[in-house]
Amino acid sequence: MPEVKSADLCQGQHHHFLRYHQVPPHARHEAHITASYPLPAGCTAPNARSALNYLVRRHEVLRTVYDLQAGGWPRQRVMAPAPLRIHEVAAADAASAAEVIRRLVQDPFDISREWPIRVCLVTGRGVLNRMHLVFNHLAFDDISLDLLSADLDALLAARTDGRPVTLPPVEYQPVDLARYEASRPAAEVAGHLEHWRAEVSRLPADVYARRRRRPAPGLAHSASFTAPALLSAARAVAARNRVWPSAVHLAAYAVTMAAYTGEPLVAHRLYTSQRDASGFRSVLTCMSYPTLVTSDLSGDPAFSEVVRRAAGRVRLSMQHAHVPHDQVVEMIAREGARRGRELRVSSELNFLDNAPRSCRTWRDRFVWNAAPAEWAAAGSDIYFRIYEWSDGITLALQALHEVMDRDAVELFLRGYARLLEAHRDAAADLRVSQAAELLGFPAPSEPSPDRAAGGRPAPQASADRVPAEAALAERALADAVAAANGLDDVDMSLTYVLAGGRALRLPHVLAVLRDQRWDGVDLRDLLGIRPLRAVAAMMRRTPRAGAR
């Protein structure tokens, strides 16, 4: 299929591109966006096909692929319009329909060839019963989906009623945004990056150092706590302090996390939208990604002061957030190499406005969810979401067992709610130490010596690994790094980033190694503190198919 235009990735896609390649293929569906789309009465399968194919012509993001082979630097390539591949299954064959939908939801996208939308129509006796949509998060965020849904709603209604429809013109496409970002004055971008260098220099190495236990691969916990009364409590604190409710939740998170970890400096990544900052608000692409935010609770401040600081930190982070995310990733890697200790900033916080929908409960409700095995493969320590409904708040927490066991997850959620509820009263203003007593976490221990340096355990020398194989591994890694990054020479005594490697070229490095049957390392290893020679020692050659 011919390409009609191309550009570098939009900056909001950098995080999701790296994350998609970090996660093993079997677990990538955890980040897919899925929906059973509501249909107007009388809508037929031809109506749906016509509407979707119109959208494919209208919105370039729906026919964009992401090529990591273009000289090692990823590009977005817009394909020429063509009919969308749409699966249609019979409602009467429930098992077959369920299997088709399962595959569409769970199979990883081949982002270098596959468009970022999948569709399944479920029909029975000539009637369209359901339409299932699956989107790749690399191409869509919540606002993009809202914009696309508005178009789809209008088109489906018009096709069903047999009337014409006029949609507003599409002002900008993702390629336009990418080209604008590439043209921004270097001094402007450098000023923002300088802010992040200062932030990175003060990051704690690992906020969970006193809680982290030996890794248990794949073991994680997930729970949610819905409390209708929390909505009014959070809004009361926000109004009293003249801040947005999101700042109140950031403050409550920081205090709860400080009480749990015993650390006064709490660093995490806050999901933020860069639409307003970019000036391209209407573009359909992913413009939401996690931005570094550090909360300093030193001096045992009162909660109102933590709220004030949180609002300031968010404001400052947003002012400087529209930067190439990969360069911030590289700053963290360089700072880790400088300290001789990997920096783990792997906690993510997301504030989601779900109004006007209801939380559907009139009383507090705690629920254990299915263990998030696929999410556990992504490299995050925790993922904390605050859903604000029209009539309540849901707190949802996913955590690696390595940093939080089941008891701690439940204590965290219930304690967070207790902390906010305690501050409904205008006279209440607990200091961090007082809040810690209220939350009631067991005292943290001293950091475990074998986890003090962070990252994976150091590779052990293998008795069956001959020097010739070790030399082959080093040569293969050096050649892959050089080819992907356009380097004449690679100093294997340096880390990947210090040797001149770029974060966005890492998927290409790993692809070259896989083609040569080398495995055993991933993006996190190459962005860590180990010299390339030590990373090569972790690599193993896989036998050819059929070889004995």
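The values are calculated or read from the model by the stated rules, or taken from the named source; none is laboratory data. All of these numbers come straight from a predicted model, not from anything done at the bench. A quick note on method: Cβ atoms are made from the backbone with ideal geometry, for glycine too, and the neighbour counts reach across all protein chains shown. Surface accessibility is based on the protein's heavy atoms, side chains included, excluding ligands, DNA and RNA. Shrake-Rupley method; radii C 1.70, N 1.55, O 1.52, S 1.80 Å.
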* Structure fact -> Taking region 497-516 and the residues there that are open to solvent by 40 Å² or more (accessible area, probe 1.4 Å) and not charged (D, E, K, R), the one that is modelled with the lowest pLDDT would be 516
* Structure fact -> Expected output for region 140-164 (first residue closer than 13 Å to residue 43 by Cβ, partner charged (D, E, K, R) and surrounded by fewer than 14 Cβ atoms within 10 Å (Cβ to Cβ), Cβ below 9 Å, 6+ apart or cross-chain) is 157/163
* **Residue under evaluation residue 317, criteria (1) open to solvent by 60 Å² or more (accessible area, probe 1.4 Å); (2) free of Cβ contacts under 8 Å to residues at least 60 places away in the same chain, criterion not met** => (1)
* **Close pairs (9 angstrom Cβ cut-off, 6 or more residues apart or separate chains): free of Cβ contacts under 8 Å to residues at least 40 places away in the same chain in region 275-292, assigned to a strand (DSSP E or B) and of a type outside the set (S, T, N, Q) anywhere** => 291/269; 291/270; 291/271
* Structure fact -> Only one of (1) over 20 Å from the mean Cα position of the chain (by Cα); (2) over 21 Å from residue 342 (Cβ atoms) does not apply to residue 204, and that is (2)
* In this structure, is residue 176 open to solvent by 40 Å² or more (accessible area, probe 1.4 Å), modelled with pLDDT of 95 or more and under 30 Å from residue 47 (Cβ atoms)? -> no
* Structure fact -> residue 139: passes all of (1) touching a helix residue (DSSP H, G or I) at 6+ places or on another chain (Cβ under 8 Å); (2) open to solvent by less than 20 Å² (accessible area, probe 1.4 Å); (3) in a strand (DSSP E or B); (4) modelled with pLDDT of 95 or more but (3)
* Taking the stated definitions as given, is residue 519 open to solvent by 40 Å² or more (accessible area, probe 1.4 Å) and modelled with pLDDT of 95 or more? -> no
* To do: Would you mind listing the strands (runs of 3 or more DSSP E) fully within region 1-118 where at least 1 residues are open to solvent by 50 Å² or more (accessible area, probe 1.4 Å) and closer than 30 Å to residue 480 by Cα?
  => 3-8, 75-79
* Search region 248-271 for residues being assigned to a helix (DSSP H, G or I) and within 19 Å of the chain's Cα centre (by Cα), and hand back the single one that is nearest to residue 314 (Cα to Cα). => 250
* Asked: Can you tell me which of 146, 161, 151 is open to solvent by less than 50 Å² (accessible area, probe 1.4 Å) and acidic (Asp, Glu)?
  -> 151
* Asked: Got at least one residue in region 218-229 being more than 30 Å from residue 428 (Cα to Cα), assigned to a loop (DSSP other than H, G, I, E, B) and open to solvent by 10 Å² or more (accessible area, probe 1.4 Å)?
  -> yes
* Asked: When only residues in region 207-217 that are open to solvent by less than 50 Å² (accessible area, probe 1.4 Å) and touching a helix residue (DSSP H, G or I) at 6+ places or on another chain (Cβ under 8 Å) count, which is nearest to residue 332 (Cα to Cα)?
  -> 207
* Asked: When you look at residue 381, is it surrounded by fewer than 20 Cβ atoms within 10 Å (Cβ to Cβ) and modelled with pLDDT of 95 or more, yes or no?
  -> no
* Asked: Across region 278-290, which residue is nearest to residue 190 (Cα to Cα) among those that are crowded, with 17+ Cβ neighbours inside 10 Å and not β-branched (Val, Ile, Thr)?
  -> 278
* **Filter result (surrounded by 19 or more Cβ atoms within 10 Å (Cβ to Cβ) and of a type in the set (A, V, I, L, M, F, W, C)) within region 409-429** => 409, 411, 412, 413, 417, 419, 420
* To do: Could you please find all residues in region 261-280 being under 18 Å from residue 139 (Cα atoms) and at pLDDT 90 or above?
  => 271, 280
* **Tally of residues being open to solvent by 10 Å² or more (accessible area, probe 1.4 Å), part of a loop (DSSP other than H, G, I, E, B) and in contact with a helix residue (DSSP H, G or I) (Cβ under 6 Å, 6 or more places away or on another chain) across region 320-351** => 5
* To do: Counting only residues that are in contact with a helix residue (DSSP H, G or I) (Cβ under 6 Å, 6 or more places away or on another chain), give me the strands (runs of 3 or more DSSP E) lying completely in region 352-430 with at least 3 of them.
  => 393-400
* Being in contact (Cβ under 8 Å) with a residue 60 or more places away in the chain and over 20 Å from the mean Cα position of the chain (by Cα) narrows it down to one of 130, 118, so name that one. => 130
* Asked: Can you tell me how many residues in region 123-136 are modelled with pLDDT of 95 or more, assigned to a loop (DSSP other than H, G, I, E, B) and open to solvent by 10 Å² or more (accessible area, probe 1.4 Å)?
  -> 0
* Asked: Scanning for something more than 19 Å from residue 383 (Cβ to Cβ), of a type in the set (Val, Ile, Thr), at pLDDT 95 or above and buried (at least 20 other Cβ atoms within 10 Å of the Cβ), does region 291-308 turn up at least one residue?
  -> yes
* Structure fact -> Subset of region 431-449, residues in a helix (DSSP H, G or I) and open to solvent by less than 70 Å² (accessible area, probe 1.4 Å), comes to 432, 433, 435, 436, 438, 439
